[in-house]
Ligand code: CUA
């Protein structure tokens with residue numbers, strides 16, 4: 001599968017109809033703000049350069065002029081600007097879908113301290129920290145949280161919604177073009193709030209279908225070392241928190257590790273997904289991401305090697 005283009009997390013490079021409407025509104029407000037600023041800065045300079053009237057002069061025309069400026073600049077102009085901005089805001093709001101269409105792809109996104117659980121109920125897929133979406137199709141993302149309030153925030157797609165515990169909110173998301181959008185948790189949720197990153201991977205329909213079918217495949221590893229690793233996975237209690245190969249475990253407190261090799265990052269965007277980084281993560285997660293719920297797992301080098309082989313066997 002070809003790697004897609006990485007797009008900066010900014011709302012000024014909109015990649016969806018909603019984000020485009022919001023960006024247009026932002027530019028309109030910027031232009032109006034600049035015009036108002038320039039007019040008032042000009043008036044301020046003109047006022048400072050005026051000479052004071054002589055005490056003998058008739059002040060009545062001066063007072064009338066002042067009153068006219070106050071009405072025009074303090075009432076009429078703000079009213080016009082606010083009406084224009086209000087109308088443009090209503091127009092932008094129409095771009096935000098109120099509800100998802102019946103044929104929308106459904107994804108369940110759950111915030112945890114400090115990672116994202118991603119489920120595709122109809123497809124039977126569970127993954128973490130990566131949200132794969134097909135380009136041009138509306139996606140209904142049902143968001144909730146397992147612990148505290150997190151926030152799904154994808155500036156390039158114009159998406160922002162709080163992830164609340166014991167409550168599910170739905171946001172409709174649509175990407176126009178293929179690309180990878182980095183999204184950081186938008187609500188302070190604890191010590192590793194900054195290191196809670198979700199990558200939204202927008203793919204063409206064929207790439208997305210290929211990803212779905214690759215995620216749906218489960219195969220048990222056949223190599224001797226990987227089979228040994230499976231024993232370590234169970235014996236060292238990794239299995240208490242992590243699911244693997246579709247097996248639902250008691251805790252499911254940590255990310256599902258099926259197809260881990262296909263993911264871009266470890267620790268929700270913290271480090272590139274390499275064998276060395278996985279080893280470091282297992283050996284001392286608190287040194288890498290203090291405050292994460294993953295405990296240190298004491299393993300011999302041989303056990304670690306076997307465990308890595310098991311995780312690398314993918315799905
Ligand atoms: Cu999760 Cu901030």
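The values are calculated or read from the model by the stated rules, or taken from the named source; none is laboratory data. Because the structure is predicted, anything quoted here is derived from the model rather than measured. All Cβ positions, glycine included, derive from the backbone under ideal geometry; neighbour counts span all protein chains shown.
Side notes on the structure shown:
- Condition met for residue 119 (within 19 Å of residue 259 (Cβ to Cβ), away from the ligand (no atom under 14 Å from the Cβ) and free of Cβ contacts under 8 Å to residues at least 24 places away in the same chain): yes
Yes/no matrix, rows are residues, columns are (1) more than 19 Å from residue 20 (Cα to Cα); (2) part of a helix (DSSP H, G or I):
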site: 57; (1), (2): yes, no
site: 63; (1), (2): yes, yes
site: 69; (1), (2): yes, yes
site: 72; (1), (2): yes, yes
site: 76; (1), (2): yes, yes
site: 79; (1), (2): yes, yes
site: 90; (1), (2): no, yes
site: 101; (1), (2): yes, no
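- Taken together, 274, 219 contain a single residue that is out of contact with any helix residue (DSSP H, G or I) (no Cβ under 7 Å at 6 or more places or on another chain), under 17 Å from residue 312 (Cα atoms), in contact (Cβ under 8 Å) with a residue 12 or more places away in the chain and surrounded by fewer than 17 Cβ atoms within 10 Å (Cβ to Cβ), which is 219.
- Some residue of region 123-130 being within 14 Å of the ligand (Cβ to nearest atom), modelled with pLDDT under 95, crowded, with 16+ Cβ neighbours inside 10 Å and farther than 23 Å from residue 19 by Cβ: yes
- Any hit, region 136-151, residues being within 21 Å of residue 208 (Cα to Cα) and touching a residue at least 60 places away in the same chain (Cβ under 8 Å): yes
- In region 131-171, the qualifying residues are those that are touching a helix residue (DSSP H, G or I) at 6+ places or on another chain (Cβ under 8 Å) and closer than 19 Å to residue 98 by Cβ, and the one that is farthest from the ligand (Cβ to nearest atom) is 137.
- On inspection, residue 202 does not qualify as exposed (fewer than 14 other Cβ atoms within 10 Å of the Cβ) and either over 24 Å from residue 146 (Cα atoms) or touching a strand residue (DSSP E or B) at 6+ places or on another chain (Cβ under 8 Å) (or both).
- Test: residue in region 52-75 that is within 30 Å of residue 268 (Cα to Cα) and either touching a helix residue (DSSP H, G or I) at 6+ places or on another chain (Cβ under 8 Å) or at pLDDT 90 or above (or both): no
- Extreme residue, nearest to residue 21 (Cα to Cα), among residues of region 172-199 that are within 15 Å of the ligand (Cβ to nearest atom) and crowded, with 23+ Cβ neighbours inside 10 Å: 183
- Subset of region 103-116 that is assigned to a strand (DSSP E or B) and within 16 Å of the ligand (Cβ to nearest atom) - its residue that is farthest from residue 130 (Cα to Cα): 112
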